[in-house]
1. Any chance you could count how many residues in the stretch A:201-226 are open to solvent by 20 Å² or more (accessible area, probe 1.4 Å), over 17 Å from A:T91 (Cα atoms) and within 10 Å of chain B (Cβ to nearest Cβ)?
2. Please indicate, with yes or no, whether at least one residue in the stretch A:177-188 is under 28 Å from A:F47 (Cβ atoms), of a type in the set (G, A, S) and more than 24 Å from the chain's Cα centre (by Cα).
3. Quick check on my filter: what residues within the stretch B:60-89 are of a type outside the set (F, W, Y) and open to solvent by 70 Å² or more (accessible area, probe 1.4 Å)?
4. Being within 23 Å of A:Y213 (Cβ to Cβ) and open to solvent by less than 30 Å² (accessible area, probe 1.4 Å) is the filter here; which residues of the stretch A:46-68 pass it?
5. Could you tell me whether the stretch B:14-28 includes any residue that is within 24 Å of A:A54 (Cα to Cα) and polar (S, T, N, Q)?
6. Among the numbered conditions (1) within 14 Å of another protein chain (Cβ to nearest Cβ); (2) open to solvent by less than 40 Å² (accessible area, probe 1.4 Å), tell me where A:E71 comes up short.
7. For A:F121, all conditions in the list (1) closer than 24 Å to A:T205 by Cα; (2) open to solvent by less than 20 Å² (accessible area, probe 1.4 Å); (3) under 18 Å from the mean Cα position of the chain (by Cα) hold save one; what is the number of the exception?
Amino acid sequence: MDNSQVAVIEGHTHDNPALLHHFATEGQQKNAASLGMWLFLAQEVMFFGGLFCAYLVYRHWYYGDFSAASETIAILPGAINTAVLICSSLTVVLAVRAAQLNKRLQLVFWLLATIVLGLAFLGIKAFEYYEKFVEHHIPGVNFSFIEHLPNQPGVMANPHHAEMFFSLYFAMTGMHALHMIIGVGLFGFLAFEAWRGKYTSEYYTPIENSGLYWHFVDIIWIYLFPLIYLIDRHR
Amino acid sequence: MANHSTTEHSTSEHISSIGSSITIWLILLVCTGITVGAAFIDLGPLNTVVALSIATFKATLVVLFFMHVKYTHERLTPLVIVSALFFLGLLLSLSMADFGTRGWH
């Protein structure tokens, strides 16, 4: 009796160093890590949800001013950034695939490609912020907004309402950019560890979960792009 | 525990094929183009509906294929996603039910 119980307890200390002692199998450990990541993303949905909710309320109230303010933002850099992020999501998929197939150099390459695309996104974003700075469209003491309402040439947009649009613009894209900066840092760490050979087809949970994070940040931008850049463009 | 070298046949791992990943990537890029194009066509209030529908379609593709949810055997993952969306919907719909119907504004 005693011997068999000892055997069970000893059997619980695994041969695989990547398998933590409180998990029975690698599959269970992976599922637990994945579920934890999805729960984190669920609270991220609520976190960004508050910003989207504020946007929705003010867009409902100040629709004309919001579309006048939205028209001062150039579509092209935003569209390019959307494409850049979609490409970076593909490189993340290819990185996870390389990890699953145990291809270390491919994994490092796709992680670095993701970092390059992430930095390209941030560079274009910085250029857009610079333009807003030059146009005095940054909320604060030097804010100035002199534009007509899109459908009424004689009526000026209310600058305070436009300022609310730009406050939300900077809060939402800024929070998104902060997530991108964290993501780039995370992928830099992963690329370093991958280069050292830490990740194999047996253990690549950090790659997979960081990939989930990156895709989530991409999804936030998929919604931000039409909401911020494309209000009432047909006028 | 045995036979981990053949990951494709192990319990929860799905390895996406390069072909299907590139197909999804192309669909996402085309949808971005359609979103921009549709914004310049006057559809009245439907412009927002079309833009958000395309965005939701794109987000669904990313979740199902890029985030591997279509292939997961973990049943709790869809539950987490659905509950996140449910509470997001609650936040947005109840807030708008309040702010949208205030007479004093």
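The values are calculated or read from the model by the stated rules, or taken from the named source; none is laboratory data. Being a predicted model, the structure only gives us computed values, none of them experimental. With ideal geometry, Cβ positions are generated from the backbone for all residues, glycine too; neighbour counts draw on all protein chains shown. All accessible areas refer to the heavy atoms of the entire protein, side chains included, with ligands and DNA or RNA removed. Shrake-Rupley method; radii C 1.70, N 1.55, O 1.52, S 1.80 Å.
1. Qualifying residue count, the stretch A:201-226: 2.
2. no
3. B:K70, B:H73, B:R75, B:L76, B:L79, B:V82, B:L85
4. Answer for the stretch A:46-68, where residues must be within 23 Å of A:Y213 (Cβ to Cβ) and open to solvent by less than 30 Å² (accessible area, probe 1.4 Å): A:F48, A:G49, A:C53, A:Y55.
5. Looking for residues that are within 24 Å of A:A54 (Cα to Cα) and polar (S, T, N, Q), one finds none in the stretch B:14-28, hence no.
6. (2)
7. Result: A:F121 fails condition (1) only.
Quick grid of which residues meet (1) of a type in the set (G, A, S); (2) within 10 Å of chain B (Cβ to nearest Cβ); (3) over 27 Å from B:L52 (Cβ atoms):
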| position | (1), (2), (3) |
| --- | --- |
| A:Q43 | no, yes, no |
| A:V96 | no, yes, yes |
| A:L105 | no, no, yes |
| A:V116 | no, no, yes |
| A:L119 | no, no, yes |
